[in-house]
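Read-outs throughout are calculated quantities, based only on the coordinates presented, and are distinct from any laboratory measurement. From a predicted model like this one, the values you see are computed outputs, not experimental measurements. Please note: Cβ atoms are built from the backbone with ideal geometry, for glycine as well, and neighbour counts cover all protein chains shown.
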Amino acid sequence: MEIIIKNQTKDIAIEVAKHIIEIVEQNPKSVLGLATGSTPLDIYRNISKLASVLKVSFANVTTFNLDEYLGPVAVEQSYRYFMHENFFKFLDVDLINTKFPNEELLEKYDDEIDKAGGIDIQLLGIGSNGHIAFNEPFTPFDSKTHIVKLDDKTRNDNARFFSNIDEVPTHAITMGISTIMKAKEIILVILGDSKVSALKQLLCLEPDESFPASVLSKHPNIKVYTTMDLFKKAFC
Ligand code: PGA
């Protein structure tokens, strides 16, 4: 696990965006694994800017998002909507090639990823409880795409996107941990004081299902980006 420490959040966003642009330049049919949440927003902004300035086309790129809410949720709260508003609408990506897990695809999502050639690069954030995608603590490391009941901590963390906690869905569908681990390359970005404890556990713990992100240390090609400020607080 390579840890890359930058002084500022914006330096991380630029470096990761440049890397993803290079991947798409080299292989216009790249398969990208994408995340929602606050963490990747600046990365998406920088990719969109670079794609436009450097004229890099995403027309033949396929994307697989990590997760999606289940149950009654306003369209504007769906992760497909989030991705469209924050990323896809700024690119020439073909929306048919932007995939999200859903109940219909449940059994097939992992196969769809395999059929597309596997994920070339997976972007990840981390939950304050160590979740990756919506794989909450004690999710088996060999899990595939599945339905989850969200942790109270996750629902509280995500309540900032809703008008109140009762509107936050109780369930979601998520790539499993083994699905994520099959990506050829993983970029995990850890930002913000609410993630100090998660970063500390990632740096200090042996892989254990009680802390899902700990599995990532077993991946052969993973970079973890964080800021100096956060790294100093989490150092063990
Ligand atoms: P965040 O969420 O980027 O909004 O902090 C990350 C996550 O919960 O995986």
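Take the conditions within 13 Å of the ligand (Cβ to nearest atom), hydroxyl-bearing (Ser, Thr, Tyr) and out of contact with any strand residue (DSSP E or B) (no Cβ under 7 Å at 6 or more places or on another chain) and apply them to residue 128. Does it pass? Steps first, answer last, please.
Values: within 13 Å of the ligand (Cβ to nearest atom): yes; hydroxyl-bearing (Ser, Thr, Tyr): yes; out of contact with any strand residue (DSSP E or B) (no Cβ under 7 Å at 6 or more places or on another chain): yes.
Yes.
Looking at (1) assigned to a loop (DSSP other than H, G, I, E, B); (2) touching a residue at least 12 places away in the same chain (Cβ under 8 Å), which one does residue 200 not meet, given that it meets all the others?
Result: residue 200 fails condition (1) only.
Being among the aromatic types (Phe, Trp, Tyr), part of a helix (DSSP H, G or I) and either within 16 Å of the ligand (Cβ to nearest atom) or within 19 Å of residue 156 (Cβ to Cβ) (or both) is the requirement here; does residue 69 meet it? Quick ask: steps written out before the conclusion?
On the way: among the aromatic types (Phe, Trp, Tyr): yes; part of a helix (DSSP H, G or I): no; either within 16 Å of the ligand (Cβ to nearest atom) or within 19 Å of residue 156 (Cβ to Cβ) (or both): yes.
Judged against the criteria, residue 69 is not a match.
Would you confirm whether or not the stretch 107-125 contains a residue that is under 22 Å from residue 16 (Cα atoms), assigned to a loop (DSSP other than H, G, I, E, B), within 16 Å of the ligand (Cβ to nearest atom) and not acidic (Asp, Glu)?
Yes, because at least one residue in the stretch 107-125 is under 22 Å from residue 16 (Cα atoms), assigned to a loop (DSSP other than H, G, I, E, B), within 16 Å of the ligand (Cβ to nearest atom) and not acidic (Asp, Glu).
In the stretch 143-161, how many residues are surrounded by fewer than 21 Cβ atoms within 10 Å (Cβ to Cβ), outside any strand (DSSP E or B) and away from the ligand (no atom under 13 Å from the Cβ)?
So the answer is 3.
Could you figure out which of (1) away from the ligand (no atom under 16 Å from the Cβ); (2) under 18 Å from residue 161 (Cβ atoms) isn't true of residue 34?
Among (1) away from the ligand (no atom under 16 Å from the Cβ); (2) under 18 Å from residue 161 (Cβ atoms), the lone unmet condition for residue 34 is (1).
Which condition breaks for residue 194 when tested against (1) of a type outside the set (Val, Ile, Thr); (2) over 23 Å from residue 99 (Cβ atoms); (3) within 10 Å of the ligand (Cβ to nearest atom); (4) in a loop (DSSP other than H, G, I, E, B)?
Only one criterion is unmet by residue 194, namely (4).
Give all pairs with beta carbons closer than 9 Å in which a residue from the stretch 8-32 that is closer than 26 Å to residue 175 by Cα meets a residue that is among the hydroxyl-bearing types (Ser, Thr, Tyr) and assigned to a helix (DSSP H, G or I); count only pairs at least 6 apart in sequence or on separate chains.
Once the first residue is closer than 26 Å to residue 175 by Cα and sits in the stretch 8-32, its partners that are among the hydroxyl-bearing types (Ser, Thr, Tyr) and assigned to a helix (DSSP H, G or I) give 13/44; 17/44; 17/48.
Quick one: which residue in 226, 170, 179, 174 is surrounded by 22 or more Cβ atoms within 10 Å (Cβ to Cβ), polar (S, T, N, Q) and more than 13 Å from the chain's Cα centre (by Cα)?
On the way: 170 fails: surrounded by 22 or more Cβ atoms within 10 Å (Cβ to Cβ); 179 fails: more than 13 Å from the chain's Cα centre (by Cα); 174 fails: more than 13 Å from the chain's Cα centre (by Cα).
Going through 226, 170, 179, 174 in turn, the sole match is 226.
Which of the residues belonging to the stretch 1-45 are in contact with a strand residue (DSSP E or B) (Cβ under 8 Å, 6 or more places away or on another chain), within 18 Å of residue 92 (Cβ to Cβ) and loosely packed, with under 15 Cβ neighbours inside 10 Å?
The answer is 29, and nothing else.
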